[in-house]
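Novice: Okay, handing you the structure first.
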Amino acid sequence: MLKLSRCSFARNLLSNKQFLEYGPDVRDARYLCAFTSRAGVSTTRQNFTAKGNFAGRVFAPYSIYKGKAALSMEPVLPTFAKLDSGGLRVDRRGVMMLTFLPAIGERKYDWQSRQKFALSATEVGSFISLGPTGASEFFHDPSMKSSNAGQVKKTLSVKPHADASGYFISLSVNNSILKTTERITVPVTSAEFQVMKTACSV
C-alpha cells in the first residue's frame, strides 16, 4: 500500500508539472484524464443534508478528446431548499452539462475558451431517443426573461454521419454584443454516443 501511494503521489506531481508548463488557462488531455480517473461513481444511498444539498454520491464526467476539440458530459445535480415544515422543495433543477473545449495543439485544449450547454430533462429525453440516422437541435438564450435577452444565443446540434457510424455534436454561440459567432464541433463514434446516452439514462 505504501509503494502504491508513493507511485500515485509521484504521478500527480508529474501531471501538475505538465499542467503548469502550459499556464492556468490550458488543459493538457493527459492532465484531464488523470483528473477524471480519480473521480468515481459511488453506490451509496441518496442523502440530503440539513441545508438541502445532495450528498453521498460522486459522478465522474465522461470526456471525449478529438483533434480539433474535446467534449465533456457530466450531471449537475438539483439543489433543494428546506421548508418550515421540514420538507424540501426543488430550488434549482438538475441538468446534464455539456462542456466544449477547442484544441490549441496536439492533445492540448483551451479551458478559458470553453463553452457550456445545459440539457434540461426534456432535452435529455430528445437526446437519448435519437436513432442512428436521427438529428436534433436545441436553442438556448442564457439571459432569457431578463433585460439582456437575445444578446447571446446558443444552438446545440446533433447530426448523424453520412454512413451512420456516429454523430457530429456542434455548439454554436452567437454573441451580438461582441459581434462574434463561435462554432465547436466534436465528431463522436456510435460507441461514444451510446455511452453518452447511457450516462443520461442512469
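Novice: Sorted by accessible area (1.4 Å probe), largest first, how do 196, 97 line up?
Specialist: Accessible-area ranking of 196, 97, largest first: 97, 196.
Novice: Dipole size in debye (nearest 20) for region 57-98 around its Cα centre, Lys and Arg Cβ +1, Asp and Glu Cβ -1?
Specialist: That gives a dipole near 140 debye.
Novice: Hey, another quick one. Pairs of alpha-carbon atoms within less than 8 angstrom and 6+ residues apart define the contacts here; what relative contact order does region 150-198 have, in percent?
Specialist: This gives 33 percent for region 150-198.
Novice: Using only alpha carbon pairs under 8 Å that are at least six residues apart, calculate the relative contact order of region 83-166 and give it in whole percent.
Specialist: Working: 93 pairs, mean separation 17.4, N = 84.
Over region 83-166, the number comes to 21 percent.
Novice: Okay, next question. Sorted by accessible area (1.4 Å probe), largest first, how do 129, 146, 157 line up?
Specialist: Sorted descending by solvent-accessible area, the residues read 129, 146, 157.
Novice: Mind ranking 177, 64, 128 by accessible surface for me, highest first, 1.4 Å probe?
Specialist: Accessible-area ranking of 177, 64, 128, largest first: 177, 128, 64.
Novice: Same structure again: Roughly how big is region 72-174's charge dipole about its Cα centre, with Cβ charges of +1 (Lys, Arg) and -1 (Asp, Glu), in debye to the nearest 20?
Specialist: Dipole about the Cα centre, nearest 20: 260 debye.
Novice: Highest first, please rank the peptides 102-109, 82-89 by the mean number of other Cβ atoms sitting within 10 Å of their residues.
Specialist: By packing density, highest mean first, the sequence is 102-109, 82-89.
Novice: Same structure again: For the ranges 114-124, 158-168, what's the packing order if you count other beta-carbon atoms within 10 Å of each residue, average per peptide, and put the highest first?
Specialist: Packing proxy ranking, top to bottom: 114-124, 158-168.
Novice: While we're looking at this one, here's another question. Within region 54-202, what is the number of lysine pairs with alpha carbons under 14 Å apart, leaving out pairs fewer than eight places apart on the same chain?
Specialist: Number of lysine pairs found: 7.
Novice: So how exposed is residue 74, as accessible area in Å² (1.4 Å probe, rounded to 10)?
Specialist: Accessible area, nearest 10 Å²: 60 Å².
Novice: Where a ≥ b ≥ c are the square roots of the eigenvalues of the C-alpha gyration tensor, would you call region 94-182 rounded, which needs a/c under 1.5, or, failing that, prolate if a/b is larger than b/c, or oblate? Numbers along the way, then the final one.
Specialist: Details: a/c = 1.91, a/b = 1.21, b/c = 1.58.
Taking the square roots of the gyration eigenvalues as a ≥ b ≥ c, region 94-182 is oblate.
The values are calculated or read from the model by the stated rules, or taken from the named source; none is laboratory data. Not measured: the values here are computed from a predicted model. Virtual Cβ from ideal backbone geometry, glycine too; neighbours counted across all protein chains shown. These accessible areas exclude ligands, DNA and RNA; they are computed on the full protein's heavy atoms, side chains included. Shrake-Rupley method; radii C 1.70, N 1.55, O 1.52, S 1.80 Å.
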